[in-house]
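What follows is one structure encoded as structure tokens, with my remarks underneath.
The values are calculated or read from the model by the stated rules, or taken from the named source; none is laboratory data. The structure displayed is predicted, hence computed values, not measured ones. Methodologically, a virtual Cβ is constructed for each residue, glycine included, from the backbone with ideal geometry; neighbour enumeration extends over all protein chains shown. To get the accessible areas, we keep the full protein, side chains included, count just its heavy atoms, and leave off ligands, DNA and RNA. Shrake-Rupley method; radii C 1.70, N 1.55, O 1.52, S 1.80 Å.
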Amino acid sequence: MGKLNGFLEIKREVSKQRPIEERIKDYKDITIHQKDDKSKEQASRCMDCGTPFCHWGCPVGNYIPEWNDLMFNNQWQKAYELLSATNNFPEITGRICPAPCEHSCVLSINDDAITIRENELAIIEHAFKSGYVKANPPVKRSGKKIAVVGSGPAGLAVADQLNEAGHSVIVFERDKKIGGILRYGIPDFKLEKEILDRRLSLMKKEGIEFKGKTFVGIDIPIEDLQKNFDTICLACGSRVPRDLKIQGRELKGIHFAMEFLTQSNKQVWGEKITKEALIDAKDKEVIIIGGGDTGADCVGVAKRQGAKRITQIEILEKPPECRTTNEPWPYYPSILKNSSSHEEGCERHWSVLTKKFIGKEGNIEKLQCAKVEFSKNDDKSCPVIKEIAGSEFEIKADLVILAVGFSHPEHKGLVSDLNLELTNGNVKTDENFMTSEKGIFSAGDMHRGQSLIVWAISEGRKAAHHMDKYLMGKSNLPVL
Ligand SMILES: Cc1cc2nc3c(=O)[nH]c(=O)nc-3n(C[C@H](O)[C@H](O)[C@H](O)COP(=O)(O)OP(=O)(O)OC[C@H]3O[C@@H](n4cnc5c(N)ncnc54)[C@H](O)[C@@H]3O)c2cc1C
Ligand code: SF4
């Protein structure tokens, strides 16, 4: 515990954000990151609890109290070494992890949680600035060859771990650029792509090979990988978007969130989009269907493109602002989230059912909606959603973005070619992350369904341990 009574004397203080009127004019990071002295002060609030529930709440098992203590005591290099022992990409989670750890922080029972995520970021950015983060290629190669399919956070974590163990790793990615949703989905105002490139450049120096524009199953048959590699990990994400197949769905101007976000990211890094393909919110009445985080990213992008008005609608009830007794500490609660994008200007409505898309001359013109109410089922299963009679209303719309989640990984191609067993549409594995096809492993969203970056990293690390063990009979890679 760095500072006795730190938690009594110092209040939680999070980083400030750039003024709204300034930041909506660009796609740059919206956060004004804390100076090291401020981060140290915040770290001193950590109580170094006997049983650190934050560590339990973090899917990669970060040693949070220990590195809080080290950074408070100016031992930044040791803090960095401890942080990188459990997390391959803390500069990414430190920026955009929703920080389940903070909801498990013991201090949060009756006070504000420690700023764990921001402290994590302070450590890794201090380490980069001080030159502690260096390419560290393995001293000896094992002679084993590994193929990783998919370059999102799960695939990158698998590659990083197995390269560290001395295996030769090639990451195959169908997109031109490496990074999965980190590259193509998440906007720069949350994660600037230079941050990802800085890490990829280290990974390349450490010997990992990346092959973009290589669609496994189309450009290379999976049998070729099976023949030429000792083992394979599939980390292809969960990208089949949920659709809203109601009347009028065929109208022009209705798009999936990932189409909208991918185009915007491409434009930000300078790619041209043809006029015919362009999805542009400028001067439009934009409706975002789906009240989650992906929808929030769409709000931020639409704002920056100059939308006339942005409305986000959600069928579920407005979540509570505080924990309810159904989700007691230290569990992650489903509470109302106000993202920075919401603060930039957007109307939000809950308990709204979209009944029909209405068009004019083939283009979307408005949405027909109705209010819904929820009643509990006697058998305690999911609540029943009931339309409120006479509550119908219409909203004007020039552009509709569907951000209603993802169903499962793509089945056409790899999954069906290999005839992989599935569970709830996701790729089924045994407890060692091996799929129903011997020697082929799977990790990340493809295995667990759409989730979080920190879970993708956690799964990637675990899968790497089991792949190493499969190849070598034992593994020194951590299993958590
Ligand atoms: C818009 C959006 C915003 C998000 N924001 C956050 C956030 O702020 N914080 C957070 O924690 N989580 C966030 N998430 C969730 C998070 O991004 C995902 O859980 C995470 O990226 C999953 O990682 P992954 O590696 O499993 O899959 P992905 O990131 O989806 O990567 C899979 C990769 O596999 C490639 N691929 C697929 N099939 C093939 C093939 N046959 N051959 C070659 N390559 C292939 C794909 O092109 C892709 O690059 C967000 C998700 C979305 C959609
Ligand atoms: S990775 Fe996420 S859950 Fe883990 S310590 Fe960092 S912010 Fe918390």
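Skip the ligands, DNA and RNA, and give the accessible area per residue of the chain with a 1.4 Å probe, whole Å². Please report the intermediate quantities before stating the final value.
Working: 22620 Å² over 480 residues.
Roughly 47 Å² per residue, with all protein chains present.
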All aspartates and glutamates inside 14 Å of K204 as judged from Cα atoms, apart from same-chain residues fewer than 8 positions distant: D160, E164
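Under the rule a/c < 1.5 gives rounded, and otherwise a/b versus b/c splits prolate from oblate, where does segment 80-143 land using the Cα gyration tensor? Can you show the working numbers first?
Numbers: a/c = 3.24, a/b = 2.17, b/c = 1.49.
It comes out prolate by the Cα gyration axes.
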Karplus 3J(HN,Hα) series, Hz, for segment 243-251 with 6.51 cos²θ - 1.76 cosθ + 1.60 (x for Gly, Pro): 10, 10, 8, 10, 3, x, 4, 7, 5
Under 5 Å, built H, 5+ apart or other chain: amide partners of R348: Q312
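Counting only protein heavy atoms and a 1.4 Å probe, tell me what percentage of the chain's accessible area is made up of carbon and sulfur.
Values: 11260 of 22620 Å².
Carbon plus sulfur share of accessible area: 50 percent.
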Sequence-distant residues sharing a close amide H with V240 (under 5 Å, placed H): S407, H408, E410
Which of R141, R183 is most accessible, then next, and so on - probe 1.4 Å: R141, R183
Reachable lysines from K366, criterion Cα separation under 20 angstrom, eight or more residues apart if same chain: K245, K252, K282, K284, K303, K308, K355, K356, K396
Sites matching chymotrypsin sites (Phe, Trp or Tyr not before Pro) across segment 210-295 that sit in DSSP coil, with at most 13 neighbouring C-beta atoms within 10 Å: W269
Solvent exposure, largest accessible area first (probe 1.4 Å, DNA, RNA and ligands not counted), of K134, K193: K134, K193
Backbone HN-Hα couplings from phi across segment 210-225 [Karplus 6.51/-1.76/1.60, Hz, Gly and Pro as x]: 10, 10, x, 6, 10, 8, 6, x, 10, 6, 10, x, 4, 4, 5, 5
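Rg to Rh for the chain: what is it, with Cα atoms only and Rh by Kirkwood? Kindly include the intermediate steps, with their values, before the conclusion.
Numbers: Rg = 23.3 Å, Rh = 24.0 Å.
On the Cα set of the chain, Rg over Rh gives 0.97.
Taking a 29 Å limit on the Cα-Cα distance, which of the listed pairs K190/K438; K140/K469; K38/K462 fall beyond it? Each step should come with its number before you reach the end.
Working: K190/K438 39 Å; K140/K469 17 Å; K38/K462 34 Å.
Result: K190/K438; K38/K462 exceed 29 Å.
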Calculated FRET efficiency for the pair E271/N228, C-beta based, R₀ 25 Å, to 0.05: 0.20
Protein-only accessible surface order, largest first, of I287, I96 at 1.4 Å: I96, I287
Qualifying aspartates and glutamates (Cα of each under 15 Å from Cα of K386; at least 8 residues distant if same chain): E314, E317, E373
Exposed-loop-free span, longest in the chain, where GluC sites (Glu not before Pro) count as exposed if DSSP calls them loop and at most 13 other C-beta atoms lie within 10 Å: 1-249
For F210, residues with placed amide H under 5 Å, excluding near neighbours: V171
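Go through segment 285-366 and name the chymotrypsin sites (Phe, Trp or Tyr not before Pro) that are in a DSSP coil and have 16 or fewer other Cβ atoms within 10 Å of their Cβ. Could the numbers behind the result be given before it?
Working: sites: Y331, W350, F357; in loops: Y331, W350.
Those satisfying the criteria are Y331, W350.
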